[in-house]
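In what follows, a structure is listed as structure tokens, so that the remarks can point back to it.
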Amino acid sequence: MLTPTQRRLLDFLERYWALHGQAPTLAEMGEALGIRSRGTVHRHVQALVAAGHLRRIPGRKRGLALVRGLEHPALPLLGRIAAGRPIEAIPDEDRLDLAEFLLGPGRFALRVQGDSMVGAGILDGDTVVVESCEDAPDGAIVVALIDNEEATLKRLRHRPDGTLMLIPENPDLRPLIYPAHRVRIQGRVVGVLRSYG
């Protein structure tokens, strides 16, 4: 049984791990719990290790890992499948580490509304995995905040005159062109999730 403080610490660690892809420092844990003593925070961490919720990673700064939940979600990876001409079916057995694919420092997810990116394979209702950044190269699909009010998902193009072009991947829609000071890049798309169920 965990104490209420240990439960709060474990909840904080899971949220922090989801946002940053690593463990927080003892100082960050103490701040989240309202505890000033690092020794007290360390004792709570030790209790979570002893209870099997955390494990230590020797030789690493922030050397803690979650044992359950977000640390190692995985699916069986059984081989390859042709999406063009058929290929020989050769069974293979491996694991696809979903944490490696989806999680990482500064990553977050957004649900897509609309059809402006259908040509890039991003459909209404999909979920995009986004890596936080303040700039991105030409051609990247980005989350752009316009005038600090409206966010949109578009392909980025830097123009020679210093403006930014936000290009939809839908022939029915026109590109948006803004002075650079009106656009804040909030991240670039690194993955797309879609459910067929």
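With respect to the stated conditions, R56 is basic (K, R), at pLDDT below 90 and surrounded by fewer than 16 Cβ atoms within 10 Å (Cβ to Cβ).
Close Cβ contacts (under 7 Å, 6 or more residues apart or on different chains) running from residues in the stretch 173-197 that are surrounded by fewer than 11 Cβ atoms within 10 Å (Cβ to Cβ) to residues that are among the β-branched types (V, I, T) comprise P179/T163. Counting only strands (runs of 3 or more DSSP E) that fall entirely inside the stretch 107-165 and contain at least 1 residues that are without any contact (Cβ under 8 Å) to a residue 40 or more places away in the chain and surrounded by fewer than 17 Cβ atoms within 10 Å (Cβ to Cβ), the qualifying elements are 107-111, 141-146, 150-158.
Among residues of the stretch 114-135 being closer than 24 Å to R159 by Cα and β-branched (V, I, T), the one that is nearest to the chain's Cα centre (by Cα) is V130.
The values are calculated or read from the model by the stated rules, or taken from the named source; none is laboratory data. These numbers were taken from a predicted model, which means no experiment stands behind them. As a convention, Cβ positions derive from the backbone with ideal geometry for all residues, glycine included, and neighbour counts pool all protein chains shown.
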